[in-house]
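Here the structure is laid out as structure tokens; the discussion comes afterwards.
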Amino acid sequence: MIFSGQCHCGKVKASFETQKTPQDLGVRTCQCVFCRRHGAVNISDPEGKITIDAAPEDLNRYRFALKTADFLICRQCGVYVAAVMGEGERICSTLNVVGLRMDEFLGIDEAPMDYDEETTEDRIARRYAKWTPTTFANVELNSSYFGPH
């Protein structure tokens, strides 16, 4: 199955490919201040695939706290789209289904997640294990580095 969405203005699009139903995947609500302020509801599938389609000039990257991921925000409309980590062939992400208006995932009971007690190393390991392998339709972004320096 392929699920698609876009930010409010349509400059940032994403497709999410998975063999699981939205109900089988479930959705998560991170309890960090950033995600709560954006009303983020996230999905990922380590066996799936995400493609983000955006021009580099249409994305803002925001890092905070441990600086282990880049939070991608549309420069035009301000929608938080995804959190991305990695580089080269090892880029993974989680999508904000509310920001992307992926209706198939809205209305599913949300599982609140609190990651405050994780060490930096544990957080990175969890993300690589649980987040979705990701590519960008724009070749320049595929070679970008996301996450800690």
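The values are calculated or read from the model by the stated rules, or taken from the named source; none is laboratory data. This one's a predicted model, so the numbers in the text were calculated from it and none came from an experiment. Note that each Cβ is placed from the backbone with ideal geometry, even for glycine, and that neighbours are counted across all protein chains shown.
A few notes on this one:
- The range 56-78, subset among the hydrophobic types (A, V, I, L, M, F, W, C), over 20 Å from Arg90 (Cα atoms) and out of contact with any Cys (no Cβ under 8 Å at 6 or more places or on another chain), residue surrounded by the fewest Cβ atoms within 10 Å (Cβ to Cβ): Phe64
- For the range 129-148, the candidate set comprises residues that are in a loop (DSSP other than H, G, I, E, B) and touching a helix residue (DSSP H, G or I) at 6+ places or on another chain (Cβ under 9 Å); within that set, the residue that is nearest to Ser15 (Cα to Cα) is Asn138.
- From the list Gly39, Gly88, the one residue that fits, being surrounded by fewer than 21 Cβ atoms within 10 Å (Cβ to Cβ), small (Gly, Ala, Ser) and modelled with pLDDT of 90 or more, is Gly39.
- Any hit, the range 17-24, residues being without any contact (Cβ under 8 Å) to a residue 24 or more places away in the chain and farther than 21 Å from Ala137 by Cβ: yes
- Looking only at the range 82-112, residues that are assigned to a loop (DSSP other than H, G, I, E, B) and under 19 Å from Cys32 (Cα atoms) come to 4 in all.
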